[in-house]
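Take a look at the structure set out below.
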Amino acid sequence: MTKPLTQTDKWRKVEDAGLDRGAARLTPERIEKVINEVIDKETSIRFQAYMRDCVRCGLCAEGCHYFLSRDRDPSYSPVAKMHQTAWEMVRRKGKVSAEFVRNAVQLAHTECNLCRRCLHYCPFGIDTAYVMGIVRRIGNRLGVTPQYIQDTANSHSATMNQMWVKEDEWIDSLKWQEDEARDEFPDLRIPLEKEGAEIMYSVIAPEPKFRTQLIYQAAAIFHEAGMDYTFPATPGWDNSDMAMFVGNNEIMGRLKRLHFETAQRLRVKRIVMGECGHAFRSVYDVGNRWLGWRDSPIEIVHGVQFYHELLTSGRIQVETQIEDLVTFHDPCNIIRGRGLMEQGREVAKAFCKNYIEMTPNREHNLCCAAGGGVINCGPPFKETRVKGNRAKAEQLKATGAKIVIAPCHNCHGGLEDIIHAYHLDMKLMFLGDIIYKHMKKTKAV
Amino acid sequence: MHTFYDFITGPLLWISFLVFLAGSVYRLVYAYMEAKRRDQFVLVYWSWKHVLRSMAHWLVPYNTMRWRTTPVLTAVTFVFHILIFVVPIFLTAHVMLFNQWLGISWPTLPEAVADILAIVVVLCCGYFIWRRWATPEVRYVTGWQDWFMVGTVLVTFLSGVLAYHQLGPYQIMLYLHILAGEAFLVMIPFTRAEHMLYGLFMRGYIASEFGAVRHCKDW
């Protein structure tokens, strides 16, 4: 047996202020106390079964894009990730060094996208993503979390959104986009605080911060479809959740509660959210559980579902189609997370004449390597992501497509970097981009 | 020497059975209680419809993407797991022992068939050992427990076969066979062999989560 490499200095360490400074403050007593507290009080039979019953068959390895991309380096397989982190913590009953904690957290944060593809490869269905989440939680409680993602979690805590967007800036961004859009659609309004509207539309904070055109496009689609909707003007408009990914469940719970309560305050029937994967995971799968809800307390509709609904009900119609060859990337959080693969494809195919599938696809698709909070760990780990996802680049290249549709913000970030690094001649688009550009605009001038 | 034989096929055997049974019941009850007390989502999300749908895929060879990806390993895995139950339970010699002690009996495999099947198990163990050694991603995470587990099965079946054919020192083979078999029974609730008890439940939970919550198949 090879010694778990996270215990040594020679391990593939990437300098990071959050990890290094955090680890420097640790004492053996504190490490032991926190690890045992998390394992004894916050985990139960699932975690215990995953710790005890994995038979080390290695079948999960091929499920992981890091493993495939790193020339089948065994230390990147899902089972090796548990071997180098949680198993060792449990085996030593929390008596691990600060160096070990630091490296284990780096691994759990940057070499696993929590994409759950390996669940299709493990006969027992051992949830490596869940175990990596526990390792991140231990790190967070010890104050050892990569700096960039910790900053976004701090932003969530202070402002209830991910990007330090202040209340007036949020409203201002919406008004600005309304102004812009009225050049094209003279009657368009971006409704704010409309009580009793059918839909509350929520977005992730990067939209007002640097992808503001997405708000314009969404407003144009809502307007064209004649939907009764509103944006909230108060905190609670942001559905994103990096607190979930750093393992700060307390802040995650506050965020989700505020998001749901904002919708309830506005007395809307449902929340529609933009094309974001992780935020969707946080509202119907993770955050809701923390708050004690089996599902979400209010109906949550993802952008893909919503566009599908608009298209099949005839509320929006196709005006033109894209001629270029198009392929569709399945984002983990809405595919392995919610089974939206067919709806996404139907929308894409309605607007694209020439369509090709990547293989493997749907629930077996390869991750973008940005999700699970990995891209949010920032520039120090860009190489980890890009080198760790050659498999995806090869998969994209094999299609020969000119356009990749990815209905998820994080996937855009990850795929953009891969397209660049591996010199792929491809353009990335959201479904919203395509619909906005190619739908029938009956209300435009 | 007869006393030793009597001991390992008498009290020691019953102790092994008892530890195996009591340990297994304890493990299963404990899992249920733990889920109820501290991991309620396991029970809340549990959905028999999705569990059975998933099992219908995972328990049938080549019926999942995973099983199709590694055809040889899949065949060996299924054959091995079926035979380590079938051979010991339906072996004439074992049934005769039960008949002698408890007066109960059940149909048995023809001796020649059982012999071949036992040799197949030995070959399967050989394959697992080779794979564990030769595949980097498996070797990387393999510990002494894994060698011990497969080793115990190997010794049990190999010594059984050798004793049956009276190859090598008969008595030693027989004792080895009995002791290794008993050791394996005892190991089940306490080592990774526990996957015999929890394996289906682990798959069942994830099948429920994928099916009922994520609306996505898990195979």
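The values are calculated or read from the model by the stated rules, or taken from the named source; none is laboratory data. Being a predicted model, the structure only gives us computed values, none of them experimental. Virtual Cβ from ideal backbone geometry, glycine too; neighbours counted across all protein chains shown. For the accessible areas, the whole protein counts, side chains as well, though only heavy atoms, and no ligand, DNA or RNA atoms are used. Shrake-Rupley method; radii C 1.70, N 1.55, O 1.52, S 1.80 Å.
Out of the helices (runs of 4 or more DSSP H) lying entirely within region B:132-219, which hold 2 or more residues that are open to solvent by 10 Å² or more (accessible area, probe 1.4 Å), away from chain A (no Cβ under 11 Å) and closer than 30 Å to residue B:51 by Cα? Spell out how you get there, then give the answer.
Details: elements: B:136-139, B:144-164, B:170-187, B:195-208.
Ranges flagged: B:170-187.
How about region A:342-354: which of its residues are more than 12 Å from chain B (Cβ to nearest Cβ), of a type outside the set (D, E, K, R) and surrounded by 18 or more Cβ atoms within 10 Å (Cβ to Cβ)? Walk me through it before giving the result.
Looking only at region A:342-354, we keep the residues that are more than 12 Å from chain B (Cβ to nearest Cβ), and these are A:344-354.
Then drop every residue that is not of a type outside the set (D, E, K, R), which leaves A:344, A:347-348, A:350-352, A:354.
If the condition is that a residue be more than 12 Å from chain B (Cβ to nearest Cβ), of a type outside the set (D, E, K, R) and surrounded by 18 or more Cβ atoms within 10 Å (Cβ to Cβ), then A:344, A:347, A:348, A:350, A:351, A:352 are the ones that fit.
Taking helices (runs of 4 or more DSSP H) that do not extend beyond region A:12-130, which have at least 3 residues that are within 30 Å of residue B:60 (Cβ to Cβ)?
Helices (runs of 4 or more DSSP H) meeting the threshold: A:45-53, A:65-69, A:78-83.
For the subset of region A:371-402 comprising residues that are open to solvent by less than 10 Å² (accessible area, probe 1.4 Å) and of a type in the set (A, V, I, L, M), which member is nearest to residue A:116 (Cα to Cα)?
Step by step, filter region A:371-402, then rank; the result is A:374.
Is it the case that residue A:98 is open to solvent by 10 Å² or more (accessible area, probe 1.4 Å) and either touching a residue at least 12 places away in the same chain (Cβ under 8 Å) or among the β-branched types (Val, Ile, Thr) (or both)?
Spelling it out, residue A:98 is indeed open to solvent by 10 Å² or more (accessible area, probe 1.4 Å) and either touching a residue at least 12 places away in the same chain (Cβ under 8 Å) or among the β-branched types (Val, Ile, Thr) (or both).
For region A:102-159, which residues satisfy the criterion of being of a type in the set (Asp, Glu) and within 14 Å of another protein chain (Cβ to nearest Cβ)?
Once the filter is applied, which keeps residues that are of a type in the set (Asp, Glu) and within 14 Å of another protein chain (Cβ to nearest Cβ), region A:102-159 yields only A:127.
Please specify each residue of region A:287-341 satisfying the condition of being aromatic (Phe, Trp, Tyr) and within 14 Å of chain B (Cβ to nearest Cβ).
Scanning region A:287-341 gives A:290, A:293.
Restricting attention to region A:407-433, which residues are closer than 18 Å to residue A:365 by Cα and either in contact with a Cys (Cβ under 7 Å, 6 or more places away or on another chain) or open to solvent by 50 Å² or more (accessible area, probe 1.4 Å) (or both)?
Selection gives A:408, A:409, A:410, A:411, A:414, A:415, A:416.
Given the criteria more than 8 Å from chain B (Cβ to nearest Cβ) and either over 26 Å from the mean Cα position of the chain (by Cα) or over 18 Å from residue A:367 (Cα atoms) (or both), does residue A:45 qualify?
Spelling it out, it is not the case that residue A:45 is more than 8 Å from chain B (Cβ to nearest Cβ) and either over 26 Å from the mean Cα position of the chain (by Cα) or over 18 Å from residue A:367 (Cα atoms) (or both).
Which of the residues that make up region A:57-86 are within 10 Å of chain B (Cβ to nearest Cβ) and surrounded by fewer than 22 Cβ atoms within 10 Å (Cβ to Cβ)?
The answer is A:62, A:72, A:73, A:74.
Given A:53, A:40, which one is without any contact (Cβ under 8 Å) to a residue 60 or more places away in the chain, surrounded by fewer than 23 Cβ atoms within 10 Å (Cβ to Cβ) and within 11 Å of chain B (Cβ to nearest Cβ)?
Step by step, each of A:53, A:40 is checked, and only A:40 is without any contact (Cβ under 8 Å) to a residue 60 or more places away in the chain, surrounded by fewer than 23 Cβ atoms within 10 Å (Cβ to Cβ) and within 11 Å of chain B (Cβ to nearest Cβ).
Inspect all residues belonging to region A:280-290 and state whether any of them is under 27 Å from residue A:439 (Cα atoms), modelled with pLDDT under 95 and part of a helix (DSSP H, G or I).
So the first thing to find is which residues in region A:280-290 are under 27 Å from residue A:439 (Cα atoms), and the list is A:280.
Next cut, modelled with pLDDT under 95 only: A:280.
Filter again for part of a helix (DSSP H, G or I), leaving A:280.
Yes, there is a match, as at least one residue in region A:280-290 is under 27 Å from residue A:439 (Cα atoms), modelled with pLDDT under 95 and part of a helix (DSSP H, G or I).
In region B:1-53, which residues are farther than 29 Å from residue B:219 by Cβ, exposed (fewer than 13 other Cβ atoms within 10 Å of the Cβ) and in contact with a helix residue (DSSP H, G or I) (Cβ under 8 Å, 6 or more places away or on another chain)?
B:1, B:4
Taking region A:1-27 as the search range and keeping residues that are exposed (fewer than 15 other Cβ atoms within 10 Å of the Cβ) and within 14 Å of chain B (Cβ to nearest Cβ), which one is modelled with the lowest pLDDT?
Once the filter is applied, the top-ranked residue is A:1.
Against the condition of a type in the set (S, T, N, Q) and either crowded, with 17+ Cβ neighbours inside 10 Å or within 13 Å of chain A (Cβ to nearest Cβ) (or both), how does residue B:105 come out, does it pass?
Answer is no for this residue.
From the list A:372, A:414, which residue is in contact (Cβ under 8 Å) with a residue 12 or more places away in the chain, of a type in the set (Gly, Ala, Ser) and either touching a Ser or Thr at 6+ places or on another chain (Cβ under 9 Å) or more than 29 Å from residue A:220 (Cα to Cα) (or both)?
A:372
Mind counting the residues in region A:142-170 that are within 20 Å of the chain's Cα centre (by Cα), crowded, with 22+ Cβ neighbours inside 10 Å and not β-branched (Val, Ile, Thr)?
Residues in region A:142-170 being within 20 Å of the chain's Cα centre (by Cα), crowded, with 22+ Cβ neighbours inside 10 Å and not β-branched (Val, Ile, Thr): 6 in total.
Tell me the residue from A:80, A:23 that is in contact with a helix residue (DSSP H, G or I) (Cβ under 7 Å, 6 or more places away or on another chain) and more than 27 Å from residue B:129 (Cα to Cα), please.
Only one candidate passes the filter, namely A:23.
Yes or no: region A:35-48 includes at least one residue that is touching a His at 6+ places or on another chain (Cβ under 6 Å) and of a type outside the set (Lys, Arg). Steps first, please.
Of the residues in region A:35-48, the ones touching a His at 6+ places or on another chain (Cβ under 6 Å) are none.
No; the residues of region A:35-48 include none that is touching a His at 6+ places or on another chain (Cβ under 6 Å) and of a type outside the set (Lys, Arg).
For region B:38-70, give me each residue that is hydroxyl-bearing (Ser, Thr, Tyr) and more than 24 Å from the chain's Cα centre (by Cα).
The answer is B:45, B:47.
Enumerate the pairs (first residue in region B:66-92 and under 23 Å from residue A:61 (Cα atoms) and among the charged types (D, E, K, R); second residue anywhere and outside any loop (DSSP other than H, G, I, E, B) and open to solvent by less than 40 Å² (accessible area, probe 1.4 Å)) with beta-carbon separation below 8 Å, excluding pairs fewer than 6 apart on the same chain, so at least 6 apart or on different chains.
Sorted first by the residue in region B:66-92, then by its partner, the pairs are B:66/A:59; B:66/A:120; B:68/B:74.
Residue B:123 fails exactly one of the following numbered conditions: (1) open to solvent by 40 Å² or more (accessible area, probe 1.4 Å); (2) over 16 Å from the mean Cα position of the chain (by Cα); (3) among the aliphatic types (A, V, I, L, M). What is the number of that condition?
(2)
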